[in-house]
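Note sheet for the following structure.
The values are calculated or read from the model by the stated rules, or taken from the named source; none is laboratory data. None of the values given here were measured: they were computed from a predicted structure. Cβ atoms come from the backbone with ideal geometry, glycine included; neighbour counts cover every protein chain shown. All accessible areas refer to the heavy atoms of the entire protein, side chains included, with ligands and DNA or RNA removed. Shrake-Rupley method; radii C 1.70, N 1.55, O 1.52, S 1.80 Å.
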Amino acid sequence: MTEGTVHVVGVGLAGLSAAARLTQKGRRVIVHEAGAQAGGRCRSYVDTVLNMPIDNGNHVILSGNHAALSYLALIGAADRMQGPPSADFPFVDLRSRERWTLRLGDGFFPWWIFDDARRVPNTRMREYLVLARLLWPRSKTVGEVIDCRGALYERLVEPFLLATLNNAPPEASAQLAATLLRETIAAGGRTCRPLIAMEGLSTAFVDPAVSWLNAHGTEIKFSHELHRIEFNGPRAVGLDFGGEIVNLGVDDVVILAVPPTLAARLLPDLTVPTEFRAIANLHFKVDAPAMPVMTGVVHGTTQWIFAYPGRLSVTISAADTLMNAPRDELAREMWREVAMVAGLPAELPPWQVVRERRATIATDPQQEALRPGAKTAWKNVFLAGDWTATSLPPTIESAIRSGERAAALAA
Ligand SMILES: Cc1cc2nc3c(=O)[nH]c(=O)nc-3n(C[C@H](O)[C@H](O)[C@H](O)COP(=O)(O)OP(=O)(O)OC[C@H]3O[C@@H](n4cnc5c(N)ncnc54)[C@H](O)[C@@H]3O)c2cc1C
């Protein structure tokens, strides 16, 4: 396949990354998005209750996420991510009220494990050696490989894996945990510096990509929902956008960068993950006191607190049990925890609760086995999306790498 048009369907980060790489190679690309906005599950909007822009969820990437950083560099947005100069993670334990900062250093090896002063409080070096069992991929759960109890688990392994796998770690895939740990904690602090889009996800990952694509001649058709694909033998021959049919030429290619349920509806007999996990975010409109941009919370419902200008925000991963909790109760309960960590008065400030029921696919071994590769049964149809088989958990890095992989196959 050489000179046809590439139709990218879905303009989340996977679609944006595929479109950007193909445009960079000089290919003719048309992007089709069902919604009125780009970014999919990684976007900003103005919240009318708080009267300020917020993100659909607090997102963190790490300095070792090389595909995400290279995508940001390509679209001219490398400077939109901010974070501490080193891989420092401040924590608070709500039960014991202890506070500590995990300092992973700046190197390529986790030397901090050998330093009494830098290890997680109340943990011993040999416990970390047991953790090394997680580095070897296997089709088991994390709970089958390590003991999911004790200070090291509660204060390091659980917060880290919960945030990155969006799944209760004991049931999560040990294979995914292995890839993650190898690319991050085991690779030293240099790969673990947290990076956050302080001015909003869209200003970093989305708006610059849309501008860059437009400036390079790639058209994005919004409110252009793909309803059906027509096939003839081993090829897709037409795209049905409701009233409009786009006929595909012999060299035309389709990259489907849509959610898994939709991909399975469009492609007969495609196997996709079927279970999802939720993420809850709570936003409190308050002038944040001097505190770190990101604080880990142990032994609370709150897992991470983010301090943005004029707003404190809570992330709770694998939050399925909170999806039906009354919003005001949840806000009051979370504010109690946030106020305690931030040293703020008990009076509840203006708040918003944002719950994404299908934030990511579940990351247990059964769902992991259902993730398809980029190639499909049709020669000119490729898949992209954080949920495809990238060997990574469903994250920004996974979405962007999947887009690059589909672009390479389509080019
Ligand atoms: C609350 C929350 C917090 C998160 N936190 C983090 C984090 O801290 N770090 C991290 O790395 N990741 C995080 N993630 C995961 C990250 O957001 C996703 O991995 C990434 O955004 C997925 O991108 P995608 O392109 O694969 O999918 P999507 O963003 O789902 O994109 C799919 C696109 O397809 C479009 N579409 C659907 N149907 C059609 C159709 N018929 N025709 C055309 N277009 C269609 C959709 O509108 C959408 O734009 C979080 C996710 C959520 C929800």
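Apply the Karplus curve 6.51 cos²θ - 1.76 cosθ + 1.60, θ = phi - 60°, to the phi angles in the stretch 190-205 and return the couplings in whole Hz, x for Gly and Pro.
3J(HN,Hα) across the stretch 190-205, in whole Hz: 4, 9, 10, 5, x, 10, 10, 7, 5, 9, x, 4, 5, 5, 9, 8.
Which FRET efficiency, nearest 0.05, do SER139 and THR261 yield, Cβ-Cβ r, R0 35 Å? Write down the numbers at each step before the final one.
Details: r = 24 Å, r/R0 = 0.70.
Rounded to the nearest 0.05, the efficiency is 0.90.
May I ask you to work out the translational diffusion coefficient for the stretch 102-231 at 25 °C, viscosity 0.890 mPa s, via Stokes-Einstein with Rh from the Kirkwood sum over Cα pairs, reported in whole µm²/s? Intermediate results must be reported in sequence, preceding the final value.
Working: Rh = 17.6 Å.
The diffusion coefficient I find is 139 µm²/s.
What does DSSP give for the chain in terms of the percent of beta bridges that are antiparallel, rounded to the nearest 5? Don't jump to the answer; show the numbers that get you there.
Details: 47 of 65 bridges.
Here the antiparallel bridges make up roughly 70 percent for the chain.
Give the shape of the stretch 28-126 as rounded, prolate or oblate, defined through the alpha-carbon gyration tensor: a ≥ b ≥ c are the square roots of its eigenvalues, a/c under 1.5 means rounded, and otherwise the shape is prolate if a/b is larger than b/c and oblate if not.
Values: a/c = 3.27, a/b = 1.72, b/c = 1.90.
Taking the square roots of the gyration eigenvalues as a ≥ b ≥ c, the stretch 28-126 is oblate.
Obtain the nm distance between the two label points defined at PHE109 and GLN366 by a simple spin-label model: each point lies 7 Å from its Cα along the Cα-to-C-beta direction.
The modelled label-to-label distance comes out at 4.2 nm.
Using helices alone, I'd like the mean residue ellipticity at 222 nm for the chain: each DSSP H run of four-plus residues gives -39500 (n - 2.57), total over residue count, nearest 500.
Working: 11 runs with 101 residues, N = 411.
So the helix-based figure for the chain works out to -7000 deg cm²/dmol.
For q = 0.06, 0.08 Å⁻¹, what log10 I(q)/I(0) does the chain give under the Debye formula with an equal point scatterer on each alpha carbon and no solvent?
Rounded to two decimals, the profile gives -0.25, -0.44.
Might you tell me the accessible area per residue for the chain, computed with a 1.4 Å probe and given in Å²? Write down the numbers at each step before the final one.
Numbers: 17190 Å² over 411 residues.
Normalised by residue count, the accessible surface of the chain is 42 Å².
When the Cα centres of the stretch 259-292 and the stretch 204-226 are compared, how far apart do they sit, in Å?
Here the answer is 22 Å between Cα centres.
Given +1 on the Cβ of Lys and Arg, -1 on the Cβ of Asp and Glu, and no further charges, what dipole in debye does the chain carry about its Cα centre, rounded to the nearest 20?
Working: 41 positive and 42 negative charges, 139 e Å.
The calculation lands at about 660 debye.
From the phi angles alone, apply the Karplus equation (6.51, -1.76, 1.60; θ = phi - 60°) to the stretch 209-222 and give each ³J(HN,Hα) in whole Hz, x where the residue is Gly or Pro.
5, 4, 4, 4, 5, 4, 5, 9, x, 8, 8, 10, 9, 7
Rounded to the nearest Å, what's the spacing between the alpha carbon centres of the stretch 36-66 and the stretch 100-168? Just the number, please.
Cα centroid of the stretch 36-66 versus Cα centroid of the stretch 100-168: 28 Å apart.
Would you calculate the separation in nanometres between label points at GLU329 and ASP287, each defined as 7 Å from the Cα along the Cα-to-beta-carbon direction?
Placing both labels 7 Å beyond Cα along the Cβ direction yields 3.5 nm.
Semi-axes of the stretch 261-411's equivalent ellipsoid from the Cα gyration tensor, sqrt of 5 times each eigenvalue, largest first, rounded to whole Å? Don't skip to the answer; put the middle values down first.
Numbers: eigenvalues 293, 53, 29 Å².
Taking √(5λ) for each Cα gyration eigenvalue gives 38, 16, 12 Å.
As an exercise, identify the trypsin sites (Lys or Arg not before Pro) in the stretch 325-356 lying in DSSP coil whose Cβ has no more than 13 other Cβ atoms within 10 Å.
Details: sites: ARG327, ARG332, ARG336, ARG355; in loops: none.
Listed in order of number, the matching sites amount to none.
Ranked highest first by average number of other Cβ atoms within 10 Å, how do 252-261, 6-15 line up? Please report the intermediate quantities before stating the final value.
Details: 252-261: 25.2, 6-15: 29.0.
Most protected by this proxy first, the peptides run 6-15, 252-261.
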